[in-house]
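J.: To start, I am sharing the structure in question, which I have written as structure tokens.
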Amino acid sequence: MTKTAILLFSRAAKEEADKKKYARLFGKKSGIALAAELIRHTQQEASISNIPVVTFFSDQQKGQSFGDRLTNAIEETFALGYDNIIISGTDSPSVNSAQFINISRKLQRSALVLGPSNDGGVYIIGFQKSAYCRNGILKIPWLTNEVFKGLKDYAFKSNLSVSIETPGDDMDNLASLAEWQNKYSFHWLSLTIRRLFEQYRSLKFSFFQTAFLDNTSSHTSSLRGPPQFQL
């Protein structure tokens, strides 16, 4: 029987908030709270999927570069006896339990599953163990807008079968938070963002105050949920 695990690869909430500059908008405490909510969401959805979860927060990661830390985490997870892994960060509200389950099924027939994000990166990756090559993965231009392209090139050069997920969102910066809030006014993340704005009214960035609050009022009829992911 094929064994699949979810690999959650993330910074701690404080580091995530500092790196993505949430604190500049919300204040330190609320920025950390927002990052923690995104982490909680991903952990909860992974748990609901009933797929085993292996977590690597920053204090568990080994290596100097992002590529080093990620490949080391991948290899440690495969060493636990898994045949496939689903790699997810904790900054995408698009991820849900149904998607984890669907990707685990896709990995029965595809060597690589890629979930492109709207900024050129990826928000989720599925790997068969046979598709993994450390040197190839280290050459991917991680932390750039060329990650998705780099992974597709990796698959092509390695002659791997690839399945592409519906594009999703990463909350990488203030603009991505504003865009999400305007698209999905009643999503849990949008409601969290609005609560933080109402709690911290002394904002330095009036542009984002307009983008988040004023546009919310004009989009109250929009009840769309987050993107759905299907086989």
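The values are calculated or read from the model by the stated rules, or taken from the named source; none is laboratory data. In this text the structure is predicted, and so the values were computed from the model without any measurement. Note that each Cβ is placed from the backbone with ideal geometry, even for glycine, and that neighbours are counted across all protein chains shown. These area figures cover heavy atoms from the full protein model, side chains too; ligands, DNA and RNA do not enter into them. Shrake-Rupley method; radii C 1.70, N 1.55, O 1.52, S 1.80 Å.
J.: Please list, ordered by chain and number, the residues whose modelled amide H lies under 5 Å from the amide H of A5; skip anything fewer than 5 residues away on the same chain.
T.: Placed amide hydrogens put N84, I85, I86 under 5 Å from A5.
J.: To the nearest 10 Å², what's R24's accessible area with a 1.4 Å probe?
T.: 140
J.: Tell me which residues come under 5 Å, amide H to amide H, from S94 once H is placed; ignore anything under 5 positions away on its chain.
T.: Placed amide hydrogens put D169 under 5 Å from S94.
J.: For F156, F26, write out the residues from largest to smallest accessible area, computed with a 1.4 angstrom probe and no ligands counted.
T.: F156, F26
J.: Any idea how far the Cα center of the range 170-191 sits from the one of the range 40-54, in Å?
T.: So the separation of the two Cα centres works out to 22 Å.
J.: Give me the percent of accessible area attributable to carbon and sulfur for the range 1-73, probe 1.4 angstrom.
T.: It is 50 percent, rounded to a whole number.
J.: What fraction of the DSSP beta bridges in the range 1-148 is antiparallel, stated in percent and rounded to the nearest 5?
T.: 55
J.: Can you give the accessible area per residue of the range 14-103, in Å², using a 1.4 Å probe? Don't jump to the answer; show the numbers that get you there.
T.: Numbers: 3720 Å² over 90 residues.
Result: 41 Å² per residue.
J.: Convert each backbone phi in the range 81-88 into a coupling constant with the Karplus relation 6.51 cos²θ - 1.76 cosθ + 1.60 (shift: θ = phi - 60°), then list the ³J(HN,Hα) values in order as whole Hz, x for Gly and Pro.
T.: Ordered by residue, 3J(HN,Hα) equals x, 7, 8, 9, 9, 10, 9, 9 Hz.
J.: Taking the Cα centre of the range 1-159 as origin and charging only Cβ (+1 Lys, Arg; -1 Asp, Glu), how large is the dipole, in debye to the nearest 20?
T.: Dipole magnitude for the range 1-159 comes out near 140 debye.
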